[in-house]
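Please treat every number below as a calculation from the coordinates, not as lab data. Treat the numbers as computed from the prediction; the structure is a model and nothing was measured. Ideal geometry is used to build each Cβ from the backbone, glycine not excepted, and the neighbour counts take in all protein chains shown.
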């Protein structure tokens, strides 16, 4: 389609996403026209300024019938296609509803939620955790569709990486902790699970809505055990955990709320949560860090004591 329409792309997004390389910069250069193309193709009209995250641009729009929605533009990647697969499988149950999708460009039309109100705005940490737990229970109740990335493959790759990565940590105690996390994953490797996981359900990835009070956004779907999906809810708003004065007790309170909601075996869920600590440690080491985050150490320590 030939179109003369275009959209405004915030300079902050151009600057930040442009650091991702030549392909990203080429996509950015085409983005104003691409957005204009979909405004015409899907009969949309802009309804406010564009916003952006780390890897996508979101433009508030109105459909031809006046219904509010958002146009989400993102560079096509494996995780982009997986997100659409997950949204189709969930069908809006506990998650933002997918209205239209273009496979070639990765463009999505989504229901409009209130981007100014995230779950992080709740001051009651127990209530926020309860809401996250309820969403997790609904999302992980759905069987994973065929073709998604699998926890079994990701876990096996992590275990292969451990011997090379761990020596980069300067604290021997942290090295031992990462090896312990790896051992917990190795015990579970033969039973990776088959549920549809969000993989990134933290407080800022839950927005207020009209159809439901709170709905999840920005999934990075994965086929696996629901226990692997608890970490973002445990790690989120870490300042609230620290503020309790008893970090271990606060971590376990969150953990118990989450595992009870999803009906998980606590020992198994603890093992897969240690797998998330391992995953984050490996990512941090790859980024050049030589120490674990305090939340990683505290959460792993609390769960290991809980398992013993």
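Tabulated data for the structure shown
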item: Choice from 137, 243, 216 showing the highest fluctuation, given a GNM over the chain with Cα pairs closer than 10 Å; result: 243
item: Using a Förster distance of 45 Å, the FRET efficiency for residue 301-residue 211 (Cβ separation, nearest 0.05); result: 0.65
item: 198, 306, 203 arranged by Cβ crowding within 10 Å, fewest neighbours leading; result: 306, 203, 198
item: Among 204, 284, 194: highest mean-square fluctuation, GNM of the chain, C-alpha pairs under 10 Å; result: 284
item: Within a Gaussian network of the chain (alpha carbon springs, distance under 10 Å), most fluctuating of 153, 11, 200; result: 11
item: Chain lengthening between residue 190 and residue 253 when straightened (0.36 nm per residue, less Cα-Cα); result: 19.8 nm
item: Label-to-label distance, nm, for residues given as residue 283 and residue 220 (7 Å Cα→Cβ offset); result: 0.4 nm
item: Per-bin percent of Cα-Cα distances, the range 117-307 [10 Å]; result: 9, 37, 38, 15, 1, 0
item: Alpha-carbon centroids, the range 228-257 and the range 191-214: separation in whole Å; result: 17 Å
item: Two-site label geometry, residue 243 and residue 30: point separation in nm, points 7 Å out along Cα→Cβ; result: 4.6 nm
item: Zone residues, the range 204-222, relative to residue 114, backbone N less than 20 Å from point 7 Å out along Cα-to-Cβ; result: 204-218
item: Sites residue 45 and residue 176 - FRET efficiency at Förster radius 45 Å, r taken between beta-carbons, to 0.05; result: 0.20
